[in-house]
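Single-structure report; data block below.
The values are calculated or read from the model by the stated rules, or taken from the named source; none is laboratory data. Since the structure is predicted, the reported quantities are computational estimates derived from the model, not experimental observations. All Cβ positions, glycine included, derive from the backbone under ideal geometry; neighbour counts span all protein chains shown. Heads up: the accessible areas ignore ligands, DNA and RNA and are worked out on the full protein's heavy atoms, side chains in. Shrake-Rupley method; radii C 1.70, N 1.55, O 1.52, S 1.80 Å.
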Amino acid sequence: MDTLVKLATILSPLISASVAIWAIRVATKTIKENKEIAKKTVADTAYQTYLQLAMEYPEFAKGYTADTRIDIDPNYGKYVWFVARMMFCFEQIVEVEGNIKDSTWYRTLIKHIGFHLKHFDKSNAVEEELYIQPLLDLIVLSRQD
């Protein structure tokens, strides 16, 4: 019995340490997975917000050219705000996705930004660096598509 107690005394800290290391690994993995889920949720929510905006203003969703027959086209002012909100949604996606690891997001954002190239050219968005660098890069890339 005395030998069994000595053996338990020796093994107990080792077993406890092993369990603690295992628990830390599981917790670290769970935290990492939860962060990825949270990032995806933010990106999905931002894109859903953009889609809702596009449904509310379908006349702006694929670009808009001001009516040159009138001095000030009131719809163009609304369109400018549409693009600003769109780019804000895209900025949220880019920020949580880091360098846009998911090529689906990459292609989707380039396509939607491409609809508005006339506006970006007119506003000198790239030259004046009106957006964060990843969005400016997407504007440039959408010109190539």
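Considering all C-alpha pairs of the range 106-145, those separated by over 14 Å amount to 36%. Calculated accessible area for the range 1-102 comes out at 74 Å² per residue, all protein chains present (probe 1.4 Å; ligands, DNA, RNA ignored).
Between helix 103-114 and the chain there is an angle of about 20 degrees, using the helix long axis and the longest principal axis of the Cα atoms. With contributions of -39500 (n - 2.57) from each DSSP H run of at least four residues, the per-residue ellipticity at 222 nm computed over the chain stands at -26500 deg cm²/dmol. Taken over the range 1-60, the percentage of Cα pairs per 5 Å bin, counting from 0 up to the bin with the maximum distance, is 4, 15, 9, 10, 8, 8, 8, 6, 7, 5, 5, 4, 3, 3, 2, 2, 1, 0. Just to be sure I understand the curve: with the Debye formula and one point per C-alpha of the chain, what is log10 I(q)/I(0) at q = 0.17, 0.20 Å⁻¹? Calculated log10 I(q)/I(0) at the listed q: -0.96, -1.19. Once the Cβ-Cβ distance of Glu36 and Ala84 is raised to the sixth power relative to R0 = 35 Å, the FRET efficiency obtained is 0.75. Among Thr49, Thr65, Thr28, the largest mean-square fluctuation in a Gaussian network model of the chain (Cα springs under 10 Å) belongs to Thr28.
Here the accessible area is traced with a 1.4 Å probe on the protein chains. For the chain, carbon and sulfur cover 61 percent of it.
Overall, the chain carries a charge dipole of about 640 debye about its Cα centre when +1 sits on the Cβ of Lys and Arg and -1 on the Cβ of Asp and Glu, all other atoms neutral. Just to confirm the number: angle between the C-alpha axis of helix 2-56 and the first principal axis of the chain, 0 to 90 degrees, nearest 10? Taking the Cα atoms of the chain, the angle to 2-56 is about 10 degrees.
Note that the range 63-145 carries a Kirkwood radius of 13.4 Å, evaluated over its alpha carbons pair by pair. Computed from Cα atoms, the angle from the helix 74-97 axis to the main principal axis of the chain rounds to 20 degrees.
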